[in-house]
Amino acid sequence: MPGPAVVVEEACTPSLVRETLAEYGAITREAMRGYLPSGAPREHLYDLIADYPQRGGKMMRSSLCIATARAFGASLDDAIGTAAAIELLHNALLIHDDIEDHSEQRRGRPTLHKLHGIPLALNAGDALSLLSMRPLIENIARIGARRAARVLEESERMAWESAEGQAMELGWRRDNCNGLSDADYLTMVLKKTCWLATIHPCRVGALIATHDTVDLEPFIRFGFFLGVSFQIQDDLLNFVADERYGKELHGDIVEGKRTLMLNHAYRQATPAQRSRLAEILDPAYGARAAADVDWVRDLMGTCGSVEYARSIAHGMAGAALHEFEIAFGGVPASRDKDFIRGLVTWVFERT
Amino acid sequence: MGTSERLHRTDPERTGPIRDAATYLRDAPSGDPGPASSDAADTPESAVAHGVRLGYKVIEEQILQGQQLAQRLGKATGKLGATGAAEATVLIERVLHLYKDVGALCMDAVEAVARSSAVRAGLARASDAIKAPHGSAEPPPAAPTPIAGARYSVEVASRRRLQVTLDLGMRAGQYVPRVLPLHAADAAIPALTAVSFDLDPALSEPRLRIDVPDTQPAGTYTGVVVDSASNEPRGVVSVRLLP
Amino acid sequence: MHRDGPVRVAVIGGGCASITAAFELTRPIHQGKYQVTVYQQGWRLGGKGASGRGPAGRIEEHGLHVWLGFYENAFRLLRECYAELGRDPATCRMATWRDAFFPDSHVAVAEPAGNGEWLNWTAFFPPADGLPGDPLTADNPFTIKSYLVHTSALLRTLLVGLRTRHPQSDGCDTSAGAAGGGTDVPPVGTVESFIAQVADWLRFGALTAAAGLIEAAALVELVVRALPLYPQNLALQWLNAIAGIVRGQLESVMCADEDTRCKWEIIDLVLAILVGAVRFRLLLDPRGLDAINQYECREWLRMNGASERSLNSAFVRSLYDLALAYEGGDPQRPGLAAGQAVRGSLRMFFTYRGALFWKMRAGMGDVVFAPFYEVLKKRGVRFEFFHRLENVQLAPADTLAPGERPYVQALEFDVQARIEGGGEYQPLFDVNGLPCWPAAPNHAQLVDGARLQQEGRQFESHWDRRRVDTTTLQVGRDFDFVVLGVSIGVIPQVCREILARDARWRAMVANVKTVATQALQLWLREDMRQLGWNAPAVTLSGFVKPFDSWSDMTHLIPEEDWGDDAPPKAVAYFCSVLPDPPAPPPDGDAAYPAARRDEVYANAVHFLNHHIRDLWPRAAGADGFRWELLADPAAPRSTQADAASTDGAYALQSQYWAANVNPSDRYVLALPGSLQYRISPLDNTYDNLTIAGDWTDCGFNEGCVEAAVMSGRLAAHALARWPRLEDIIGYDHP
């Protein structure tokens, strides 16, 4: 099978990305810890709030925010509050995501609602998302009212987009929508994943550094393509990697998640296969047996959905690189700039 | 006259034209091809291209929708921020943005022009007032690399710290620059008018002079540099006056 | 809700839109369901398209009436009308529509040359396949993509035309790779390969002016064909790169000949349109070109990089002149909504069939409205002439049942004259075998006709309100539906009740503006060649104001009735806007129309003495116009010597001129920011009323015959669900 048609640049060593993520991740984690309150009730709230932030994670979102800000000339101090806020919100949404997806594992340990029950986990998720506002309010003193207000506006926009994206995806699952096109998928991923993970961090990073004088629209495109290739790669890993990855294998199929591969398989399938697939994906179907999961997995294999998704992901990465040059073209060379560019390819190398 | 006797028009199915050009981008008569046919991709290469193409289509539509939504919201709610929701402020910001936009387009055009040797040979603008600096490098003809910047000096009279950004794309020797007053985003703040270009006699170089009154409020002031002969924009001068 | 008997429709006004609506509602397919009565002030149909016959049967028009080759709806209906008319070609000179209309491909623009002189450009637009009104093929010819493809093909044609004037550059022709020869869309490659292609071209293209540009234009064409496939910002970079080179060229060829410079200006404008289409995302915006209607056309082009020189080129000035796009008639206030301007230009230049212009062999009244009148009569339509609408009466709001929409309760008319014997007025008379409209009413048919004539009643004048009676039509008793086809100038007067209650109508009346026009017609004893115009017969615009537009109408002479001895050898029509006075004239000022008419006369004298020589060099001598050139219908055979003995300028009295200041005669404008206030005929706020005219939101929001016809068809659809909206050609186009 021929390799991907896009030649992807390697302008930095793979270890640069890992090192930068580790460095910025540690700083952000430290900052987050500073925001985690202590008080009562501990075992019903504050321990729960602190759980996910302390479990680790790639810290890609906050690192992207810090790196963009520094690449455009800001100091770490100016950006750290906002970066922490992003990670806090991300963790809050993870808690709710895990409930919505009925997931069992998160980062190698049981999910929060598996440990404490859904009601307490739900409440902790709410509190954590409120907590993510605190650094943004402190921004008023840290970087001035005007920029703080703009960051708040951007955060609001990002939160709405995420909610809309999540609604799209959950709606497809609940209503057993099939025959979805790639355009549908891309729109959903843009809203649900990209805004929080890649678009917003870059936008606010650049906003803070340039005092809101730079055009933020190119970051939408860059973040979109980066985030999409990131998400597709995530879904591919879920499909092929084994349990070392930290989540259930084929968990996506079990959830009935409408990944690019699943949609592709549905479109390519024969009518008989389609009705079988629709039956399996129907939420009223009950627990999906291992045999059903295997059947779906085989169908995706025979339809070439995995290769298809891989090609799309590579194409998105190529576009991300192109958009990177547009968004970051005016900025002098720096380690941060290399790091961000390196993220595009790192997406394919991480396990 | 009862209403039951009176004839009524029925509502038409729509009251306006369908302008959506997306339906006209295909040559076939209208009729949306189903999702299956629009996702045609047989080889990995065509899948890549299809993905990229579709990706751009999706993102451009989303950006457009975002802009439209922002416009609608912008009318309903005031913008957050220290300057408040004054319409004039928004207008001025848009104008400044537009100048930058237009300026950028012109800059690209101007840059492309400057690269063309035929144009350089044919161009004959009156510019005796400012002589082209000797020894400024002739850009190499073929390569699309940026031209070596012209030398400008900047002379500032101000009691406070400030940062000056001069963004030009073409050598002064080609035209006589003139800078328009520099405006802040807030219309209430007076503009910086004591800004001008002249020729530094000592260095025979173009010089940008800026005089800042003591009472000038802090902020960022931006103005357009134009070709004094044709009034076409050539660049931007930005002054950030620190408190 | 059904009753026995036909549905009665009152069509008010007899212009293009109203007649179209009547024609649609009385189609055989409706099997007589609609009984239509047309109410018209004065003695003739036509509205702004009316014409009459004066002395010597000469045609006297409202202004310059030329049809364009893209008027698909108008031509289709006209052809159907002539087919139904069934005139015998053996006996009738004007039996088929091809007898009535002929194609004209010569366009001219006038350009000031700077030293007080004028350059006159003529262009020949090649005839296109098919005829306007032919059925359209399955391929939609009106996509934005096909517009852009045509545009870029035009670009390439122009550039190729320029190539021969530049020295050939050697060795650089093979640069641009994929551009070589083929006109197929390149296989859709990756983003990277596209960028590489662009970079390649830029490396080579930046060196050589002409050669690189030809390749560039070919690439533009390919890009545009593939535009939906490629990302927008790439296309934009691409276009900007080309634009930069082109504009550099524009500067460097300042000394080249005028022909070249003119072409560069057109290229500049085309590029600005392409850049604007991409920047403003017109391909993706669901509103299409309407998205930029708040911008003024020149302003929008300027935003997209068009140079000042191009914006003031003859081409652009003519665009404004032909559209009479001057607010208040003031030449210092040009205003044209960018979206509609682009749409109009694209339709006009790229979708014409047959020829760009189609001229009429007689007056528009004779060629269009008389046949329609005859066909409608045969179908059973009734005509009430000498009825002027005074008020549209709404049912009082407190009488409406819950959920019932407001409706028109009554229509109040002034009856300007009654018909002797009580029957219908016979409006047409014969000129050389052709039924025509006269320039004055046939008083013999009117009750008290002699007295009315002696009193000099101006039945078409807004300022002459005299009447012999009034009449009120009641809903249910006299009519069921109303088609309001009076022009917007009249609406404030006759729709007072609607305006009092309806904010949308108030906004419409405030924003949809009109402009008055002035017209001049000359009959000349020498032909154009003798007068010094050596090019073919043209329609020219962009000339000095007033009378910036001229059309050679010599072909009308055989249709007039000058007798055999010394008919004129040339006919020239001029028109332009007429500026409004600072304050509108009071309604009672009966002398106003005459005063403006005198003003137009003075304008004409001045124009002929000082400016006409720039068009017709031999028409004027050292001391002004050669007044003896004018052919007087009262004394057509008088010799030149006789004519010269009269006071020169007085000779102009024998010609025809007009100040079109009546509110319903004012030409409708498409000002930026105004088009969103138009209301569609489909709007169903008043559920027994629809509106029709080129002032409505009809899908082509500019003042012209095609817009009026589309509007009339929409009005018919509003009442009868026929014609189907997709059958109204061009309604749904970008």
Checklist line | Share of carbon and sulfur in the accessible heavy-atom surface of segment C:517-660 [1.4 Å probe, %] | finding: 53 percent
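List the equivalent ellipsoid semi-axes of segment C:517-660 in whole Å, largest first, each obtained as the square root of 5λ for an eigenvalue λ of the Cα gyration tensor.
26, 18, 15
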Checklist line | Gained length - A:Leu16 relative to A:Glu164, 0.36 nm times residue gap less alpha-carbon distance | finding: 49.8 nm
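Keeping all protein chains in place and using 1.4 angstrom, which order do B:His8, A:His211, C:His717 fall into by accessible surface area, from largest down? Write down the numbers at each step before the final one.
Numbers: B:His8 50, A:His211 70, C:His717 5 Å².
In descending accessible area the options line up as A:His211, B:His8, C:His717.
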Notebook entry, point to check: Probe 1.4 Å, all protein chains in place: accessible area of C:Phe280 in Å², nearest 10?
Noted result: 40 Å²
Next item on the list: Quick one: which residues, 5+ away or cross-chain, put their amide H under 5 Å from the amide H of C:Gly46? H built at 1.01 Å from N.
Entry: C:Gly14, C:Gly15
Checklist line | Cα-centre dipole for segment C:517-660 with unit charges at Cβ (Lys and Arg positive, Asp and Glu negative), debye to 20 | finding: 420 debye
Notebook entry, point to check: Would you list C:Trp505, A:Trp160 from the most to the least accessible area, probe 1.4 Å?
Noted result: A:Trp160, C:Trp505
Check: Points 7 angstrom from Cα along the Cβ direction at C:Glu80 and B:Thr15: gap in nanometres?
Finding: 2.6 nm
Notebook entry, point to check: Over chain A, what is the mean sequence separation of C-alpha contacts under 8 Å (at least six apart), divided by residue count, expressed as relative contact order in percent?
Noted result: 23 percent
Next item on the list: Nearest 100 Å² is fine: how much accessible area is buried between B and A, summed over both sides, with a 1.4 Å probe?
Entry: 2500 Å²
Next item on the list: Please list, in chain and number order, the residues 5+ apart from C:Thr517 or on another chain whose amide H is under 5 Å from its amide H, with Hs placed from the backbone.
Entry: C:Leu578, C:Asn660, C:Tyr667
Notebook entry, point to check: If you take all C-alpha pairs in segment A:300-351, what percent of them are over 13 Å apart?
Noted result: 65 percent
Item checked: Per residue convex hull volume, Cα atoms of segment C:1-51, in Å³ -> 88 Å³
Check: Got a number for the accessible area of A:Ser15? Probe 1.4 Å, square angstrom, nearest 10.
Finding: 40 Å²
Item checked: Heavy-atom surface of segment C:517-660, accessible at 1.4 Å and reported per residue (Å²) -> 41 Å²
Notebook entry, point to check: Nearest 100 Å², what total accessible surface is buried between chain C and chain B (probe 1.4 Å)?
Noted result: 5600 Å²
Check: Using +1 on the beta carbon of Lys and Arg, -1 on that of Asp and Glu, and nothing else charged, what's the dipole of segment A:200-346 about the Cα centre, debye to 20?
Finding: 160 debye
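In Å², what does the accessible area per residue of segment A:204-351 work out to with a 1.4 Å probe? Write out the running numbers ahead of the final one.
Details: 5190 Å² over 148 residues.
With the other protein chains kept in place, segment A:204-351 gives 35 Å² per residue.
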Next item on the list: For chain A, build the charge dipole from Cβ charges (+1 Lys, Arg; -1 Asp, Glu) around the Cα centre, then report which of A:Leu170, A:Gln273, A:Thr210 sits farthest towards its positive end.
Entry: A:Thr210
Check: For segment C:669-734, what class follows from the C-alpha gyration tensor (a ≥ b ≥ c being the square roots of its eigenvalues): rounded when a/c is under 1.5, otherwise prolate if a/b is larger than b/c, else oblate?
Finding: oblate
Check: Over chain A, what percent of the accessible surface lies on carbon and sulfur atoms, probe 1.4 Å?
Finding: 53 percent
Checklist line | Cα-centred dipole magnitude for segment C:294-423, charges only on beta-carbon of K, R (+1) and D, E (-1), debye, nearest 20 | finding: 840 debye
Check: Hey, which of these cross-link pairs are over 30 Å Cα-Cα: C:Lys513/C:Lys545; A:Lys58/A:Lys257; C:Lys48/C:Lys545; C:Lys48/C:Lys569; A:Lys114/A:Lys257; C:Lys33/C:Lys513?
Finding: C:Lys33/C:Lys513
Margin query: Tell me the accessible surface of C:Trp533 in square angstrom (1.4 angstrom probe, heavy atoms of protein chains only), to the nearest ten.
Written below: 20 Å²
Note to self: 5 Å is the cut-off here: which amide hydrogens, built 1.01 Å from N in the peptide plane, fall below it relative to C:Val468, excluding neighbours closer than 5 in sequence?
What the structure shows: C:Val415, C:Gln416, C:Ala417
Next item on the list: Classify chain A as rounded, prolate or oblate, taking a ≥ b ≥ c as the square roots of the eigenvalues of its Cα gyration tensor: rounded when a/c is under 1.5, otherwise prolate if a/b is larger than b/c and oblate if not.
Entry: oblate
Next item on the list: Please tell me the relative contact order of segment C:352-430 in percent, rounded to the nearest whole number, where contacts are Cα pairs under 8 Å and at least six residues apart.
Entry: 28 percent
Item checked: Sequence of A:Asp282, C:Asp430, C:Asp366 from largest to smallest accessible area, 1.4 Å probe -> C:Asp430, A:Asp282, C:Asp366
Note to self: Averaging the inverse of every distinct alpha carbon separation and then flipping it gives the Kirkwood radius. What is it for segment A:66-188, in angstrom units?
What the structure shows: 16.5 Å
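The values are calculated or read from the model by the stated rules, or taken from the named source; none is laboratory data. Not measured: the values here are computed from a predicted model. Cβ coordinates were reconstructed from backbone atoms using ideal geometry, including for glycine residues, and neighbour counts include every protein chain displayed. We work out accessible area using only protein heavy atoms, side chains counted, and drop any ligands, DNA or RNA first. Shrake-Rupley method; radii C 1.70, N 1.55, O 1.52, S 1.80 Å.
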